[in-house]
């Protein structure tokens, strides 16, 4: 992978917290790179520092040592070229769907009139055409998460960070949202870092799957998933898909199971 | 239908209990300075309003209440904001707030009347003092209760503290502030009436006091009726404002959608406001 196409470069990144029982290392000397327009899934048990990694990349948490760069520049604080989707939709109930989508525009004081058009187009892309004047509580959980994805895309960020975005949804909705996310990604082609604790979800969505160990969080393997896109749900029944899932699961089993 | 049947039942029950009251008082020959029959209360009510006496005093008490409510709520809101947003203000003010909170504020009424006289000022101050705390506490709690994820989201967008306050913390505090206003309105009325008891030349509280000296019990009953209606109206006014301000809160929609399926989350939403209200009462 040439240096020029690297969207994210993480080198020797560590994070430890001081607690009453001494130091806890959440993330230990992790290094990896993500290419421009690549979809990378990070999978690991709870407590493996996935969320710590995401917060450092988002610039809302400082690393203890090492560095993270986005398109060559050091991530030293919150940046305006990142879009984030959390596990819960984190919508503002007093804002309409469209106003929620335009939150990054309002915060960054960009031209609202111009971005309103962008917002409406994105809402149509995620299948929420006609819902722009509704309020979040009128929408189902899956629809709310679509609004959150739209909001993360509206200011055309260089990178999309997703922290278990479908973890709170039921299994059926979750599979459907995986297909939707793939469709949106194929259309917009952002660089995505997708955190999950579901191995099948990671293999289904990722071009690569980064496998992390629990406490201290460390990179255990970097699995390239070469399944052709667009992937349908049937891909989960193929031997290749099964082999990837089995391989990652074995990595965890060697380490003493998923916590 | 079920609804009309309930209305009819309510009216029948009301008429029956008033009739029973009248019957008991007349049947057992209870003296009217102990418990007047409803008919006498009705006559007192009519005379009070017909002579213009009640309206004049009621206007005065309402003026005290509303001024006290506005002054107390504004002060409570701004100090609550200062305490929630600035750790130094919190550090220096919080001990006093806790101390004053455990004090029954109406116990200060005699002092306030001594300091500020028998006129309007002492009543407004007393009403404001009682209305102040629900706003102070609820504003503090509301501003501090902004969801961590929402704050993280704002920070990740590189929002300034200023933006986080105006775009997130303040709207998030609104349900709490409205619950505080709800309580403060009634508290202000209590504060005004108690201060009038202590010493006043006008007002419903003063009128009740003087009727008590004259053993005019039916007059007192008629004024209690007036006060409860006034309290109800004031409460409704706050409710109207709340529905306007919090149009986005699903718990405000319960008046429009009353199907049982939707009643459950509505009740849960109410619970938050109720908890805030309880906090304010203490």
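For this structure, a couple of remarks:
- Shape index of the stretch A:1-69: Rg/Rh, with Rg the Cα radius of gyration and Rh the Kirkwood radius from the inverse mean 1/r over Cα pairs, equals 1.01.
- Our summary gives chain B a relative contact order of 24 percent, counting only alpha carbon pairs under 8 angstrom and 6 or more residues apart.
- Segment residue A:24-residue A:81, length gained on full extension (0.36 nm per residue, minus Cα span): 17.5 nm
- For the stretch B:74-174, the alpha carbon convex hull comes to 106 Å³ per residue, rounded to a whole number.
- Taking every C-alpha pair closer than 8 Å and separated by at least 6 residues, the mean separation divided by the residue count of the stretch A:92-157 gives a relative contact order of 49 percent.
- Antiparallel %, DSSP beta bridges [both residues in the protein assembly as shown], to 5: 55
- Chain A: Rg to Rh, with Rh as the Kirkwood radius over Cα pairs: 0.96
- Among the residues of B:147-155, the average count of other protein chain beta-carbon atoms within 10 Å of the residue beta-carbon is 6.
- Sorted fewest first by neighbouring Cβ atoms within 10 angstrom, B:58, A:54 come out as B:58, A:54.
- Taken residue by residue and averaged, Cβ atoms of other chains lying within 10 Å of the Cβ of A:137-149 number 1.
- With neighbour counts taken as other beta-carbon atoms within 10 Å, the residues A:244, B:162 rank, fewest first, as B:162, A:244.
- Counting, for every residue in A:99-108, the Cβ atoms of other protein chains within 10 Å of its Cβ and taking the mean gives 3.
- Relative contact order of chain A, taken over Cα pairs closer than 8 Å and 6 or more residues apart, is 26 percent.
- Intensity falloff of the protein assembly as shown expressed as log10 I(q)/I(0), Debye formula with alpha-carbon point scatterers, at q = 0.08, 0.11, 0.12 Å⁻¹: -0.71, -1.03, -1.15
- In summary, the stretch B:132-191 shows an alpha-carbon radius of gyration equal to 1.34 times the 2.2 N^0.38 Å reference for compact globular proteins.
- For the residues B:151, B:83, B:177, a GNM of chain B with alpha-carbon springs under 10 Å puts the largest fluctuation on B:151.
- Each distinct pair of alpha carbons in chain B adds a 1/r term; the inverse of their mean, the Kirkwood radius, is 21.6 Å.
- Footprinting exposure proxy for A:250, A:201, A:138 (fewest neighbouring C-beta atoms within 10 Å first): A:250, A:138, A:201
- Fluctuation leader among A:140, A:51, A:88 - chain A, Gaussian network, Cα springs under 10 angstrom: A:140
Any read-out appearing in this document is the output of simple, stated calculations on the displayed coordinates, not a laboratory observation. All figures in this text were calculated on a predicted structure; none of them were measured in a lab. Methodologically, a virtual Cβ is constructed for each residue, glycine included, from the backbone with ideal geometry; neighbour enumeration extends over all protein chains shown.
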